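Report on the following structure.
The values are calculated or read from the model by the stated rules, or taken from the named source; none is laboratory data. Keep in mind that what you see is a predicted model, and the values were worked out from it rather than measured. Note that each Cβ is placed from the backbone with ideal geometry, even for glycine, and that neighbours are counted across all protein chains shown. We work out accessible area using only protein heavy atoms, side chains counted, and drop any ligands, DNA or RNA first. Shrake-Rupley method; radii C 1.70, N 1.55, O 1.52, S 1.80 Å.
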Amino acid sequence: MWIVIKFDKKKINLLEYDLNNKIGGNTKIYSPRFSLEKFINFKKKNKQIHLLGDYCFTFNEKFSQTNHLNQVNYLRGVKCYLEGSKASQNEIISFIKYCKSHENEKGFLNPDFYKLYLNKSYKFFSGPFSNQIFKIISLQNKNLEILIGNLRTRIKKEKFLVQPI
């Protein structure tokens, strides 16, 4: 059974260790993430951004038993787990499949993860327009025509990471 856990990012290794040793069985942790290249002080640095922030999906067959599920709150690195995961198994599984279908060979989400719509506002995560809000004027196969303030320009879809607002 899949559950959603809110975790401390600094203690993810402790969480994985405790899940395998205290819960036992075959435990899987899945947290979809993007890889960004940012320039900080004229140096190129790779940064990973978790799509769900400090939440992750965790699978173990033993989570269907209440006593194992109650143990999760007391593991190192766990802030809490979201109840109601049992009722939402189909939605969780379909979301994980969608994320996995949009991953590259390194396990990071592709820029085409978000569906783009005309006349909607988006925010750049990467590139020279980082943190700028823009509106899509026209969608083509590989290009987007966008409007940033009064500036109208054309960009390639796969070059930039964007997030809907």
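Table for the structure above
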| item | result |
| --- | --- |
| Counting all C-alpha pairs of the range 42-86, share separated by more than 12 Å (%) | 72 |
| Net length gained if the chain between E145 and N67 were fully extended (0.36 nm per residue, minus Cα distance) | 22.7 nm |
| Residue pairs, from the table K6/K97; K44/K106; K22/K97; K28/K115; K10/K47, whose Cα atoms sit over 25 Å apart | K22/K97; K28/K115 |
| Loop sites in the range 30-133: trypsin sites (Lys or Arg not before Pro), DSSP, at most 15 other Cβ within 10 Å | R76, K86, K106, K115, K120 |
| Loop-resident sites, the range 46-99, for GluC sites (Glu not before Pro), counting at most 12 other Cβ within 10 Å (DSSP) | E83 |
| Degrees, to the nearest 10: 89-101 long Cα axis against longest axis of the chain | 50 |
| 19 Å cut-off, amide nitrogen to a point 7 angstrom out along K47 Cα→Cβ, residues in the range 95-111 | 108-111 |
| Loop-located chymotrypsin sites (Phe, Trp or Tyr not before Pro) in the range 94-165, at most 15 other Cβ atoms within 10 Å (DSSP) | Y114, Y117 |
| Per residue value of the accessible surface for the range 117-161 (all protein chains in place, 1.4 Å probe), Å² | 67 |
| Rounded percent of accessible protein surface that carbon and sulfur make up, the chain, 1.4 Å probe | 48 |
| Summed residue charge, Cβ within 12 Å of K10's Cβ, Lys/Arg positive, Asp/Glu negative | +2 |
| Relative frequency of Cα-Cα separations exceeding 25 Å in the chain, percent | 45 |
| Helix-derived mean residue ellipticity, 222 nm - over the chain, DSSP H n ≥ 4, -39500 (n - 2.57), to 500 | -4500 deg cm²/dmol |
| Residues of type aspartates and glutamates that K157 reaches as a straight line, Cα spacing below 20 Å, ignoring anything fewer than 8 places off in the same chain | E37, E103, E105, D112, E145 |
